[in-house]
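All of the numbers you see were taken from the coordinates with simple rules; none came from a lab. In this text the structure is predicted, and so the values were computed from the model without any measurement. Here the Cβ positions follow ideal geometry from the backbone for every residue, glycine too, while neighbour counts run over all protein chains shown.
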Amino acid sequence: MNDEREVGEFERSAYEFARQWATGLNRRQLLKSFGISGATAAALLAAPRLTSAAPGAGQSKFISRGQDASAIKIGRGQLSDTLDPHKSTLLVAHEIMWQIYDSLIYLDSTGTVLPGAATEWTFSDDSLSITFKLRENVKFHDGTPLDAQAVKDTVARMLDPATASPNVGMLGPLDSVNVIDPLTVEYKFKSIFSPIFVGLGFSYCAPISTTAAAKTDVDFGRNPVGTGPYKFVEWTQDDTITLEKNDEHDWSTPYYKVQQPPQIGKVSFVVIPDDATRLAAMTSGEVDIVAGTDAVPIDKINALKDQPGYSVVTAPVTGVYYLNLNHKMKPFDDLKVRQAVSYAIDRQSIVDLVLGGNGTPAVSLLASAFGDFNKDVEPYTYDPDKAKSLLKEAGLEGGFKTTYLNIEPPALFTRAAEIIQQNLADVGITFEMQSFPVAQWVSEGNSGKYGISFSYYTYNDPDVLYVLAHSGQFFNFSWPTGMADADVTGANTFDDALDTLLDQQRGTFDHDQRHQFLLDAQKQINDQAHYVMLWETVQAALVRDGVTGVTVDLVGFIHLQELGITS
C-alpha cells in the first residue's frame, strides 16, 4: 500500500475494528482471575510472532512439499451437524471446516489482517467497497479453479433465502459481489461495515466449490469441497470424519506460527461421547490428540498435567456458559421470576465441583476476556432467601414446574444441570431435563418448547451480544423464533432498549462510543435478568509425545497444517 495516499473512512475503520477485536481481549486478566501464575500466563499468552504481511505478501511457494504419509487420530466429544459453512453455526463443525476451507483473510492476535486465499486488498474512495486479489493457481479439491466467479457464487449461495444461512449477518449490509477480472473480486456495501475482516476471517464465509454444492445439493454438508490444506474423504456411520492432506496446498497463511505445507497424510476425527472412554483412548494409544469443543474434561485438567506420555495445552475461553429463560413462556415473562432463578443458583459450587476449580463464576453475558466487559454490572450472587422472596412477590410462593434443555455430551453439562436442578428445587422450582447432542440442540432451543435452555459460546468480538441477545437472532433462545409472541398474553417479550443499544454498537466507528453502548447493553441484560450467567473456563487439548505444532487458538481450534510427527 502507498502510505502517502489518503485513507478512506471504511479502510480506517475496518483496520481499527480488527485491531480492537484482537487487542480488546483482556486475556491476562482472565488468566489472573483463574489464579494462574505469572509464568504460566506468559506462556499461555504467547502468540505467534510472524512477520507482518501487508497486502501483496504471501505469494511465495514452498520449494518442496511434505510427503509424510503418516496418520493421526483426534478424539472429540461431540458430533458435527454439517460441514456446509452456510448451514452451521456450531464450533464442532467450524473446527473441521477450518481445515477444509481457506478463508480470504486471517486475523492474528494483534489485529493484523493476513493473507489467505486473497493476497492483497484495496478500498474504494467512497468507503463502500473492498476489492480482493485472489491467490494464483489455487484449485478446489474437485479440480475447479478458485477465481472471482467462485467467490461471487459462494456469497450468492450464502445469501440465497433458499439456503437460509444463519451466518448472513457476518457479511453485514452487503449490496453485491462483483467480478472485476478472473482473480479480482469486489465486495460492495450499502453502508460502511467496519467488522468486514472479522466475518471474512471465519470458515463460514470462506469460498466453497459451488460446482460441487450444486451437484450434491443438500448433501454438500457431508461431501464438502474447499481449497484448504485438507480434503474431505469420508464421514462414516460411527461419526468418524476422515481428511487427507491436499498435496497442492503448497502455501501457508502467515497466521500460522509453523510455516509449512500439510505434513500429516491422513487425519481422522473420532467421536467418543463418554469422557472416561475418550481419555482412556488417549492413554491406550488409540488416539493421538484429544481436542475440540469440550473434548478435554475441564475437571480433569489438573490430574492430566501430571501424566507421562502426553501434555496438556490450554488457553482461556473467550465465552460464557449461561441459561436462556424463555420470555415467551410463563412465568419467565415476569422480571421477578427471572431474577429469582439467577439468585437461586450457586455458581461457585459448579466451578468447584464440576470444573475442578478451572473456571470462575460468570457475571455478564460478555466474557471477562473482552476489553468491553462491564466490570461494574451488578452480579447475581447465590441468595436462595432472596429468590424465595422474589417468587412470593410474583405470586409463586409455592414455586412452579418447567422444562430444561441440556447438551449431552459432555457429562459435565449434565453434572452442572444436576446442581442447578437441586438449587432451584430448594426454592420451589422443579424442572424436567431433556438432553440432546449439540447438533440437535439448536433446533430444540429455537422451538420454544423449553422454559430454561442451557447454552454457551466462544467468539472473538463483543458483537456476540448482538448475535445472542438481539431479538430475532438465531441463537436467542430467550425469545425463540419457533414460538409466537402471542403465546404470552399481553407481554412485551422483546427488549426494545436492548435492541437499540446492540444496533448502535454495530453502527459506530468511535471506539469510546461503541464501548459505552456495550457497557450499557450488558447492564440492561443484567438489570432485566434476560439470562442466567453460569461460568467462564479454559479450553484444552491433550497431545501425545511426538506430535508437534499443537496450539489452541482463541476459539479452541488446532490447525492441522501446523502439525508434525517426530516419533
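For this structure, a couple of remarks:
- Relative contact order for the chain: 19 percent, from Cα pairs under 8 Å spaced at least 6 residues apart, divided by residue count.
- Summing charges over neighbours of V138, with a neighbour being any other residue whose Cβ is under 11 Å away from its Cβ, gives -3 when K and R count +1 and D and E count -1.
- Principal-axis tilt of helix 384-393 within the chain, Cα atoms, nearest 10 degrees: 70 degrees
- In a simple Cβ point-charge model (Lys, Arg +1; Asp, Glu -1; nothing else charged), the chain has a dipole of about 840 debye relative to its Cα centre.
- Simple Cβ-charge dipole of segment 121-264, Lys/Arg +1 and Asp/Glu -1, about Cα centre, in debye nearest 20: 260 debye
- Radius 12 Å from Cβ of T82, net charge of other residues (Lys, Arg +1; Asp, Glu -1): -1
- Going by neighbour counts of Cβ atoms within 10 Å, the residues E95, E286 line up, fewest first, as E286, E95.
- Cα gyration tensor, segment 349-425 - rounded (a/c under 1.5), prolate or oblate: oblate
- The separation of segment 77-121 from segment 445-483, counted between C-alpha centres, amounts to 22 Å.
- Rounded to the nearest 20 debye, the dipole size of segment 358-456 about its Cα centre is 140 debye, using +1 on the Cβ of Lys and Arg and -1 on the Cβ of Asp and Glu.
- Acute angle (nearest 10 degrees) that the helix 411-425 long axis makes with the longest principal axis of the chain, alpha-carbon atoms: 20 degrees
- Karplus-derived HN-Hα couplings along segment 234-251 (A = 6.51, B = -1.76, C = 1.60, θ = phi - 60°), whole Hz, x at Gly and Pro: 7, 10, 7, 5, 8, 6, 8, 9, 10, 10, 10, 5, 8, 5, 7, 7, 9, 9
- Computed from Cα positions, the angle between helix 438-447 and the longest principal axis of the chain comes to roughly 50 degrees.
- Here's the list of lysines a cross-link from K328 could span, going by alpha-carbon distance under 16 Å and ignoring same-chain residues fewer than 8 apart: K336, K401, K449.
- Amide H to amide H distances under 5 Å link W535 with Y321, A362, where only residues 5 or more positions off or on other chains count and H is placed in the peptide plane.
- Cα-based reach from K257 at 19 Å (exclusive), listing lysines while leaving out same-chain residues under 8 positions away: K61, K245
- Equivalent ellipsoid semi-axes - Cα gyration tensor, segment 512-567, angstrom: 40, 15, 6
- Judged by the ratio a/c of the largest to the smallest principal axis of the C-alpha gyration tensor, segment 80-215 counts as rounded, that ratio being less than 1.5.
- Annotation: aspartates and glutamates with alpha-carbon distance below 15 angstrom to K231 (same-chain offsets under eight excluded): D84, E95, D102, D142, E244, D247, E248, D250.
- Over the residues of the chain, the helix contribution to mean residue ellipticity at 222 nm works out to -8500 deg cm²/dmol, using -39500 (n - 2.57) for each DSSP H run of at least 4.
- The Kirkwood radius of segment 321-538, taken over pairs of alpha-carbon atoms, gives through the Stokes-Einstein law at 25 °C and 0.890 mPa s a diffusion coefficient of 141 µm² s⁻¹.
- Scattering profile of segment 290-372 at q = 0.17, 0.19 Å⁻¹ [log10 I(q)/I(0), Debye over alpha-carbon scatterers]: -0.86, -0.99
- Working ranking of peptides 496-507, 365-376 by packing, defined as the average number of other Cβ atoms within 10 Å per residue, highest first, is 365-376, 496-507.
- Counting beta carbons within 10 Å around each of S127, S209 and listing the fewest first gives the order S127, S209.
- Annotation: the chain has a Kirkwood hydrodynamic radius of 24.4 angstrom, from the mean reciprocal C-alpha pair distance.
- In order along segment 86-93, the Karplus-derived 3J(HN,Hα) couplings, from 6.51 cos²θ - 1.76 cosθ + 1.60 at θ = phi - 60°, round to 8, 10, 10, 10, 8, 5, 5, 8 Hz, and Gly and Pro are given as x.
- Ranking N374, P145, A71 by how far each Cα lies toward the positive end of the dipole of the chain (charges on Cβ) leaves A71 at the top.
- Net charge in the neighbourhood of D175 (other residues with Cβ under 9 Å of its Cβ; Lys, Arg +1, Asp, Glu -1) is +2.
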